[in-house]
Amino acid sequence: MSIFVLSAPNKINDTIELVRKLVNSTNERVQQHNKRIGERSEIERKMNVEDEEKIKRMREALKK
């Protein structure tokens, strides 16, 4: 994937700084999103483990 940025010669440094800020901001948002997804996945995994344990205990109780 490529991005092309046009700039006037006397504004090239300003343009480079703007692109850097945009990239950094985007990367930060992606990291935050990935962290939220990871946390959500971990919660779901723990809930599944708890549900499996409950089912196992119920089965054991029914066997008695």
Built amide H within the under 5 Å cut-off of SER7, gap 5+
none
Principal-axis tilt of helix 12-63 within the chain, Cα atoms, nearest 10 degrees
0 degrees
Report, please, the projected area of the chain averaged over directions, based on the convex hull of its C-alpha atoms, in nm².
6.0 nm²
Computed lengthening from GLU44 to ASN10, 0.36 nm per intervening residue step minus Cα-Cα distance:
6.9 nm
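A short reminder: the numbers here are calculations on the coordinates, not readings from a lab. Please read these numbers as outputs of a predicted model, since none were measured by experiment.
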